[in-house]
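FYI, it's all coordinate maths here, none of it is from the lab. No experiment lies behind these values; they were computed from the predicted model shown. Here the Cβ is made from the backbone with ideal geometry for all residues, glycine too, and neighbour counts use every protein chain on show.
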Amino acid sequence: MKKLRYLMIHCTASRGGTAEDVVRLHRNVFKWSRVGYRIVVEQSGKKVVLADVNQNCIVEDEEITFGAAEHNAYSHHICYIGGIDEKGNPKDTRTPAQIKTLAKIVYQYVDEICPEVLVAGHNQFHNRGCPSFWVPTFCRQIGIDPKNIYEADPFGYSKILK
Ligand SMILES: [Zn+2]
């Protein structure tokens, strides 16, 4: 087990779908032994918990989900449905309800689950658009304490995404 370091935000890079579709893709198509995300936020704003956790700063082995290779042992992954335009390019497609739910989840982590956690986007770890918006900006917009905002930008997505 490791200390929880990152609350990492993702998108499904799909035009729609449900949390159930995510489970089917990861377990039945990819044949992963675990799902990729702990929580999925559907377009209605509904929060679907795919993997329960112990509500503290320790990531037990059985709590691990497969959201970002090499960073899973100390991360919790949350994901919203969407994140691409009709051509498949990265686009922030979050509905107002999804933004509200994502903010609520982030507040809960910072205020209750793990006050030292760093909130981050997948694109701060791997060179890909996911989650199609710049998470540090989002965190500032919703009033997250700067000490909880991960600022690293190794691939320059802060200049590409809003
Ligand atoms: Zn991702």
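What to note about this one:
- Qualifying residue in segment 96-118 (condition: touching a strand residue (DSSP E or B) at 6+ places or on another chain (Cβ under 6 Å) and within 11 Å of the ligand (Cβ to nearest atom)): no
- Exactly one residue among Gly83, Gly67, Gly36 is touching a residue at least 40 places away in the same chain (Cβ under 8 Å), surrounded by 20 or more Cβ atoms within 10 Å (Cβ to Cβ) and out of contact with any helix residue (DSSP H, G or I) (no Cβ under 8 Å at 6 or more places or on another chain), and that residue is Gly83.
- Residue check, Lys159 among the basic types (Lys, Arg), out of contact with any helix residue (DSSP H, G or I) (no Cβ under 8 Å at 6 or more places or on another chain), under 24 Å from Gly17 (Cβ atoms) and in a helix (DSSP H, G or I): no
- Considering (1) touching a Lys or Arg at 6+ places or on another chain (Cβ under 8 Å); (2) more than 29 Å from Pro96 (Cα to Cα); (3) free of Cβ contacts under 8 Å to residues at least 24 places away in the same chain, the lone condition that Val59 does not fulfil carries the number (3).
- Within segment 127-148, if we keep just the residues that are within 13 Å of the chain's Cα centre (by Cα) and assigned to a loop (DSSP other than H, G, I, E, B), the residue that is nearest to the ligand (Cβ to nearest atom) turns out to be Cys130.
- Search result, residues across segment 5-33 that are among the basic types (Lys, Arg), farther than 21 Å from Ile99 by Cβ and surrounded by fewer than 17 Cβ atoms within 10 Å (Cβ to Cβ): Arg24, Arg27, Lys31
- Of the strands (runs of 3 or more DSSP E) lying entirely inside segment 24-125, not one contains at least 1 residues that are more than 16 Å from the chain's Cα centre (by Cα).
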